[in-house]
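Below is one structure, written out as structure tokens, with a few remarks after it.
The values are calculated or read from the model by the stated rules, or taken from the named source; none is laboratory data. In this text the structure is predicted, and so the values were computed from the model without any measurement. In this analysis, Cβ positions are derived from the backbone assuming ideal geometry, glycine residues included, and neighbour counts consider all displayed protein chains.
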Amino acid sequence: MMVEEQRWRAVQDRTRTADGAFVYAVRTTQIYCRPSCPSRKPLRGNVEFFVLPEAAERAGYRACLRCPRMARPLWVLWPRGSAPAPSICSASSSVISAFRRANMPMLAGSPG
Ligand SMILES: [Zn+2]
């Protein structure tokens, strides 16, 4: 499958920009990793891909110890089912601008 091949290539290249877009899980070790994990790369035949780490965990995989907090903080912030990685930047910048807008009245407001 095309998407899987792209993901596999990202794993092989340790593509940092792919972090957060998916995780790969290794059937032989029962561990899942982010694409840029420094661990030795598994055989293609032993790998399956998940968009969310939670999905990998539901499938029985454990988080890789060498991907300590990996993209986890980001993932935790995402509402379930929301679009992964490529939207991180735009999502966080819109959060920031919403935050700024929300704080404007406070900044401009009269002293309490
Ligand atoms: Zn790892």
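Here are the numbers for the structure shown:
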item	result
Identity of the residue in the stretch 32-72, exposed (fewer than 12 other Cβ atoms within 10 Å of the Cβ) and within 16 Å of the ligand (Cβ to nearest atom), that ends up modelled with the lowest pLDDT	Arg69
Residue match in the stretch 10-23 (condition: in a helix (DSSP H, G or I), modelled with pLDDT of 95 or more and surrounded by 15 or more Cβ atoms within 10 Å (Cβ to Cβ))	yes
